[in-house]
Structures are given as C-alpha cells and as structure tokens.
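Asker: A single structure is presented below for examination.
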Amino acid sequence: MRAVTQRMIDALLCGNAKRVSRNTDVTADGEVLLCGNRIAWFDNERIYVSSCASRTTMTKERINELLIAFASAGLGQHRGQWFVEDYDSSFGSWSNRRDFVDGMSFAIVDTTE
C-alpha cells in the first residue's frame with residue numbers, strides 16, 4: 001500500500017482532518033478532496049464516490065484505493081471506459097463488472113480479514 005493511501009485511510013478511520021499529499025485532503029466530516037473536488041464521502045454505512053468530471057489517472061487511483069479499503073470493490077479502466085467490480089474474497093476473484101457513474105455508492109464492508 002502506498003504511503004499516501006495509508007495516510008488517507010488512517011485519517012478517515014480516526015476522523016481527523018489532514019492533508020495527506022499536496023493535492024489530497026481528508027476532512028473531519030469524512031470527505032476526501034482531490035484538488036479541492038470531493039471525490040469520496042461517507043454516511044453511516046456507505047461510501048459514495050465521484051470523479052467530479054475529472055477522469056484522470058490520479059482520480060481513478062484515489063477512488064480505487066478507497067473502494068478496495070472500504071467496500072471490497074475496485075475501479076478499473078478498459079479502452080478509456082471506467083468500470084467497477086466487486087471482489088469476492090472467498091473465491092479470490094472479481095465479479096459484477098458495471099460502468100462507473102459519478103455518485104455511485106457502495107456498502108462499507110470489513111476488509112481486514
């Protein structure tokens with residue numbers, strides 16, 4: 001796991017506002033900002049993600065890291081199109097591929113097992 005990813009996850013879990021890199025901030029309300037744009041936010045049981053119409057490598061990387069850490073899902077790209085998939089740890093495989101849409105939400109799962 002990259003150091004910036006670990007700092008971002010730690011700040012979210014602790015509820016601390018923190019600048020985790022020169023372009024990524026975590027707010028005390030559990031929002032992740034990339035270049036000032038809200039790319040992820042949480043409610044009680046879900047994580048919501050958005051590219052903010054900026055489908056860059058960095059945006060995809062940050063969203064993917066959050067989905068892996070909190071939702072047992074991942075964000076990928078094929079021929080310029082973003083997609084999400086769920087990870088099934090019992091089979092060690094990805095499934096349920098669907099197009100990525102800004103504002104998508106995912107159930108928060110315990111991925112520490």
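FYI, it's all coordinate maths here, none of it is from the lab. What you see is a predicted model; the values in this text were computed from it and never measured. Ideal geometry is used to build each Cβ from the backbone, glycine not excepted, and the neighbour counts take in all protein chains shown.
Asker: Give a residue-ordered list of calculated ³J(HN,Hα) values for the range 43-48 (Karplus: 6.51 cos²θ - 1.76 cosθ + 1.60, θ = phi - 60°; whole Hz; x for Gly, Pro).
Answerer: Once θ is set to phi - 60°, the couplings for the range 43-48 become 10, 4, 10, 9, 10, 10 Hz.
Asker: First select every other residue whose beta carbon is under 13 angstrom from the beta carbon of residue 25; then total the charges, Lys and Arg +1, Asp and Glu -1.
Answerer: Details: positive: 7, 18, 19, 22, 38, 62; negative: 29, 31.
That sum, taken over residues with Cβ under 13 Å, equals +4.
Asker: What distance in nm separates the two pseudo spin-label positions at residue 105 and residue 44, each 7 Å out from Cα along the beta-carbon direction?
Answerer: With each label placed 7 Å out from Cα toward Cβ, I get 1.1 nm.
Asker: Could you please report the charge total around residue 105, scoring K, R as +1 and D, E as -1 over all other residues with beta-carbon less than 15 angstrom from its beta-carbon?
Answerer: Neighbour charge sum, excluding residue 105 itself: -3.
Asker: Also, quick follow-up: Packing-wise, with mean Cβ within 10 Å as the measure, how do 58-68, 27-37, 98-108 rank, highest first? Display every interim value, and only then the final one.
Answerer: Working: 58-68: 20.3, 27-37: 15.3, 98-108: 13.5.
With the highest mean Cβ count within 10 Å placed first, the list reads 58-68, 27-37, 98-108.
Asker: Counting helices only, and only those DSSP H runs with n ≥ 4, report the 222 nm mean residue ellipticity of the chain as the sum of -39,500 (n - 2.57) divided by its residues, in deg cm²/dmol to the nearest 500.
Answerer: On the way: 2 runs with 27 residues, N = 113.
Helix-only estimate at 222 nm: -7500 deg cm²/dmol.
Asker: So, one more: Across the range 64-70, in residue order, what do the Karplus-derived ³J(HN,Hα) couplings come to in whole Hz, using 6.51 cos²θ - 1.76 cosθ + 1.60 with θ = phi - 60° and x for Gly and Pro?
Answerer: Running phi through 6.51 cos²θ - 1.76 cosθ + 1.60 with θ = phi - 60° gives 4, 4, 5, 5, 5, 5, 10 Hz.
Asker: I'm checking a number: the convex hull volume of the Cα atoms of the range 8-113, normalised per residue, in Å³. What is it?
Answerer: Values: hull volume 10.4 nm³, N = 106.
Expressed per residue, the convex hull around the Cα atoms of the range 8-113 is 98 Å³.
Asker: Considering only the other residues whose Cβ falls under 13 Å of the Cβ of residue 80, what net charge follows from Lys and Arg at +1 and Asp and Glu at -1?
Answerer: On the way: positive: 55, 60, 79; negative: 99.
Its environment carries a net charge of +2.
Asker: Just want to confirm a number: the relative contact order over the chain, from Cα pairs under 8 angstrom separated by 6+ residues, in percent.
Answerer: Working: 187 pairs, mean separation 20.4, N = 113.
Normalised by residue count, the contact order of the chain is 18 percent.
Asker: Right, here's the next one. Show log10 I(q)/I(0) for the range 63-113 at q = 0.23, 0.27, 0.28 Å⁻¹, two decimals, from a solvent-free Debye sum over equal Cα scatterers.
Answerer: Per q value, in the given order, log10 I(q)/I(0) is -0.86, -1.13, -1.19.
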